[in-house]
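Working notes for the structure below.
What follows is calculated from the coordinates using simple rules that are stated; it is not laboratory data. Here the structure is a predicted model, which means the values were calculated and not measured. Backbone-built Cβ (ideal geometry, glycine too); neighbour counts: all protein chains shown.
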Amino acid sequence: MKQIDFEYGGKHCQLIIFDKYKYKLRNNEVNRLKKLVNVYEIDVHSFDIINNIHSGFPESIFEYQFMERLDNEVNKINLDIDEIKKLTKEVYMKYNNQFLCNFLRIFIYPLEIDNSPDMDGVHAFTPYKNTIHFWINPNKKKWKKTFQETIFHEQSHAYLHTINKDYVEHFIKDIPLYTWMIQEGLAENYAESVTGGYIYKRGNNWFEFSRKDALDQFKLIKNRIYESREDDGNIMFGGGKYKRLTGYAIGYWLVKDYLKNTKKSIVDAHHASFKDILEGSGWLNL
Ligand SMILES: [Zn+2]
């Protein structure tokens, strides 16, 4: 494991890279994470994040279980620390004035298993303010650009954790579906505004969804968006009768309409309430 700190243009980045990840190390790592701060047990707003290194993982969440599951697999993938440092520095220099967080702590782990083909060997999650976790399979061809763009998608979530108290309260526990879709829509529009939408932009579509496709799906689920249901994950990620990333596509196009109607910038939109974004998009009346 190596910790690397650098600062550029007043923005501080702390990389914590687990470059070699054998069975025993990973086991210890899970134990270490267990002892770290649980976001439900502290006052998240006054917590001194820079001086307390922590994962931000509550035990209940998927990513935490995901790591525990990997305990039983032998993971022989190694990460190239210098390469990750170089890729991260590159975006800090190129897009410096578009960074939302003045401090970002990025944990990076190697991941041998495949994830969805469209993610190119990059899996990421933001459990807490200023804190991002990445799982990377460097054997996948396009992981570098995907990693760079995903820094911005995740940063949108990390930023919401710092400025939006409602977001923190709702986080993970019974999050109403519309706020889940909107936070992913904010993240995708923000990432696209910085790096161009390398991962999901396909001509005039976002992934496999035109605006109309997303709106049609929204109309079908409109009656349940204020609730939190067991199968919300199917809508978000795809599953059952829902196509892959349906909820993300709805969020993407809905937030785009909100930006168009209000003429707000994507950064300003992060400061609006999710209810205002939903209403301002006009989608409830379409
Ligand atoms: Zn996201």
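Numbers below:
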{"read-out": "Coarse-grained scattering of the range 114-271 at q = 0.10 Å⁻¹, given as base-10 log I(q)/I(0) from a Debye sum over alpha-carbon atoms", "value": "-0.34"}
{"read-out": "Long-range amide H partners of Leu79 with built H, under 5 Å", "value": "Lys20"}
{"read-out": "Sorted by Cβ density within 10 Å, fewest first, the residues Thr195, Thr131, Thr126", "value": "Thr195, Thr126, Thr131"}
{"read-out": "Amide proton proximity set for Lys201, modelled H, under 5 Å, gap of 5+", "value": "Phe207"}
{"read-out": "Placed amide H near Tyr8: partners under 5 Å, 5+ positions off or other chain", "value": "Cys13"}
{"read-out": "At R0 = 35 Å, FRET efficiency that the Cβ-Cβ distance of Lys142 and Val168 yields, to 0.05", "value": "0.60"}
{"read-out": "Which of Asp120, Asp174 has the fewest Cβ neighbours within 10 Å, and the rest in rising order", "value": "Asp174, Asp120"}
{"read-out": "Order of Ser228, Ser281, Ser265 - criterion: other Cβ atoms within 10 Å of each residue's Cβ, fewest first", "value": "Ser265, Ser228, Ser281"}
{"read-out": "Extension gain (nm, one decimal) between Lys212 and Ser273, 0.36 nm per residue minus Cα-Cα", "value": "19.5 nm"}
{"read-out": "Two-site label geometry, Lys260 and Ser228: point separation in nm, points 7 Å out along Cα→Cβ", "value": "3.2 nm"}
{"read-out": "Distance between modelled label sites at Phe237 and Leu284, nm, 7 Å Cα→Cβ extension", "value": "3.0 nm"}
{"read-out": "Global size of the range 167-218 as Cα Rg and Dmax, reported in angstrom", "value": "12.9, 37"}
{"read-out": "For the range 257-272, 3J(HN,Hα) per residue [Karplus equation, 6.51 cos²θ - 1.76 cosθ + 1.60, θ = phi - 60°, Hz, x = Gly/Pro]", "value": "5, 4, 5, 5, 5, 9, 6, 7, 7, 5, 5, 4, 4, 4, 8, 7"}
{"read-out": "Distance (nanometres) between label positions extended 7 Å along Cα→Cβ at Ser46 and Gln98", "value": "3.8 nm"}
